1. I want to confirm something. Restricting to region 12-31 and keeping residues that are of a type outside the set (A, V, I, L, M, F, W, C) and within 16 Å of the ligand (Cβ to nearest atom), which single residue is modelled with the highest pLDDT?
2. Taking region 231-262 as the region of interest, how many residues are part of a strand (DSSP E or B) and farther than 17 Å from Q372 by Cα?
3. Which ones in region 109-134 are away from the ligand (no atom under 16 Å from the Cβ) and farther than 22 Å from L253 by Cα?
4. Could you pull out the residue among T145, T137 that is modelled with pLDDT under 95, closer than 23 Å to E204 by Cα, away from the ligand (no atom under 14 Å from the Cβ) and in the same structural domain as D227 (by TED's automatic domain parsing)?
5. Does region 190-213 hold any residues that are more than 16 Å from the ligand (Cβ to nearest atom) and among the charged types (D, E, K, R), and which are they?
6. Can you tell me which residue within region 241-268, out of those that are more than 24 Å from G71 (Cα to Cα) and of a type in the set (A, V, I, L, M), is surrounded by the most Cβ atoms within 10 Å (Cβ to Cβ)?
7. Suppose we filter F462, F429 for residues that are touching a residue at least 60 places away in the same chain (Cβ under 8 Å) and in a strand (DSSP E or B); which single one remains?
8. Give the number of residues within region 465-484 that are within 23 Å of E526 (Cβ to Cβ), in contact with an Asp or Glu (Cβ under 7 Å, 6 or more places away or on another chain) and assigned to a loop (DSSP other than H, G, I, E, B).
Amino acid sequence: MTINNKLSRSICVIFFTVCAGVACQPADEPDYVFDESLINQHMDAEVTFQERYRPQFHYTPLINWMNDPNGLVYFDGQYHLFHQYNPFGNTWGFMSWGHAVSEDLVHWEHRPVAIPYGIEEDEAIFSGSAVVDHENTSGFGGGDTPPMVAIYTSHYTRGDGTTWQAQSLAYSTDGGDTFTKYEGNPVLEYDDPDFRDPNVVWMEDMQQWLMVVALPTQFKVQFYASDNLIDWEYLSDFGPAGAIGGIWECPDLFLLPVDGDPDNSKWVLHVDLNPGSVAGGSGSQYFIGEWNGTQFVPEKPTGGEEPLWVDYGTDYYAAISWNNIPEEDGRRLWVGWMNNWDYANEIPTDPWRSMQSIPRSIHLETKDGEIQMVQRPVDELQVLRNNHIQLQNRVVEDEQQTLAGDGISGKAYEMVVDVDPGNADRFGFTLHAGENEETIIEYDSAEERVIFDRTNSGEVDFNDRFANRFDAPVSPVDGVVRFHFFVDWSSVELFINDGSTVFSTRIFPDPASEGITVYSEGGEAEILNLDFWELSSIWN
Ligand code: FRU
C-alpha cells in the first residue's frame, strides 16, 4: 500500500469508527488529514486568548480539539496535564496525548504532543493514566530520574474498518517531555472490542500496581495487578451497578479519609457514563466502599438507592485524579473535561474546542448522617483574585436587583454568596445577563432544589440538546444556602454548601453580557454576605 492510500484509508476509518459505543465523531466530514509535519503546529499557533468564548482561567489547548484529561501526574515540581487531543483539527479524530505543565495548578504551559497517533498501525492513543515508577519496577529507567510510565488504550483499526482496544505502555525518561512506546505493546488484552481507559495506582499494602479499566458496553470495570506494569494478573470485576443508562468509561479508584480522619478511610470508585447522566448525556457517578485486596466491595449506593452523582451539571466528564502528589500535600486533586458527548463536536468555539475544569480537591464528608463526596476549588486559584467587593445584609423582596450599581458585574469572576431564603418561594441569580439573554440559577424553597437554566444563555442552537434546565436537591445549612461561583467567558462552575453539590456547565453568552442580578419571588430573602472578585487571566 502506498503511503497515500494508507493515509486516506485511515482518514476514512477514523471518520466512520464508533469510538465509544456512541458517536464521538463530528457530524460533518472533517477537513483535516494526518500530516506528520503538523503534529506540533500548535506550538507556533498565533492565538490571543481574546477569541470569542475563550476561557480566561481554565486550561484550553491553543488550537484544535481536546477531550478527556489523561495521565495526570505530579513529578519533580510540575503538575502534568496530558489530554486527548487531535493535532490536526477542531473535531474528534487522530487521538493523541496533548500535554501541558504547571508549577502552581493555575498557570499552564503548552508543550509538544506527548504521544502521537500511530499512523503505521492505525493506533489511536485513547485515555489512560501515568505513574512515576520510583523503584524502576518496569525496568524502563536508567539514569537518576525514575521513569514516568503512561498506561493508555491502543484503539486499533483493522483493514476492514473494525476496531479493537487493548492496554499499552509508553515511558519517558526526561520527566514527561518525550515518550517511547514499549516494544511489547499491547500489554493487556481482553475478549471485548470495547476495553479501555486504564487507571493505574501503586497500592502500598499490596506492594503492587493496581489497574482499574472499563468494559464500557458491559457496564463493568475490571481490576488487574502487576509487579512491573508489563505483566498483569486479573483480579475481579465490578458492575453492573449504580447508573447504567449509558456505557461506562474513565474509572478511577482512590482512598479518602472520612471527615479528615485518616483512621477512618473509604475507597471511592469513580466511573463515568455516557449517556444517561443526571443532567442528560455524559456525566459522572461514584461508589463508596472497601478494597479487600482483590475486589471493590461497595457500601453505597446499595441496590435500590439512587446513583451518587459527582456533578449535577451537563459538562463534567472523564475526570481522573493526579498520581504522585507529595504526601505532605496529601490532597486528592482532579480536573474533568467540561463538555458533553451530546454536543461536544458542535460547541461554537474556534480555533480550539473544549476546556478542562478548574482543579478541585475531593473529600468524603458526613452530611445528615450519610457519607458523600465533596469537591472544593483548590486554594491556589486565589492568586487570580483582584478588585474585591463585599456586600452584607442585602434584602431582596419580591424584586430583581442588578448588582451593577455595587460594581459587581463581569465575565470572569469568583463570587461567594450566603443567602437566607427567608419566606421567599424562590431566590435566584442571573449571570452573563445581557439585553436578550441570561443564565439563571434558582433556589426553590418549597422543593429544596437548585435549578440551572441555560435555555436562554446565549448561543444555544448549535445542537438541539444544549438549551436545557437541570436541577439538584439542596437543603439550607443552619438556614443558609452558600453559592460559590467560578464564572468564566463560557462556563459556570457552582459549588453549593462548601462543595456538597456541584454544577459544571458550559454557556456561550454574548461577550457584552456582563450583568449579574439577584431576585426573589413570593417573599423576602436576604443576602447575608457576598464576596466578589474579578479573576485575572492565566494567559499572558
Ligand atoms: C471518553 C472517551 C474514552 C476514550 C476517549 C477517546 O470521553 O470516550 O472512553 O478513551 O474518550 O477519545
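The values are calculated or read from the model by the stated rules, or taken from the named source; none is laboratory data. Here the structure is a predicted model, which means the values were calculated and not measured. Glycine also receives a Cβ, built like all others from the backbone with ideal geometry; neighbour counts cover every protein chain displayed.
1. Across region 12-31, the extreme among qualifying residues is P30.
2. Number of matching residues: 11.
3. E109, H110, R111, P112, I119, E120, E121
4. Of T145, T137, the one residue that is modelled with pLDDT under 95, closer than 23 Å to E204 by Cα, away from the ligand (no atom under 14 Å from the Cβ) and in the same structural domain as D227 (by TED's automatic domain parsing) is T145.
5. Step one: of region 190-213, the residues more than 16 Å from the ligand (Cβ to nearest atom) are 191, 201-210.
Hits for region 190-213 are D191, E204, D205.
6. The selected residue is A243.
7. Values: F462 fails: in a strand (DSSP E or B).
One residue alone meets the criteria, F429.
8. The qualifying residues number 3.
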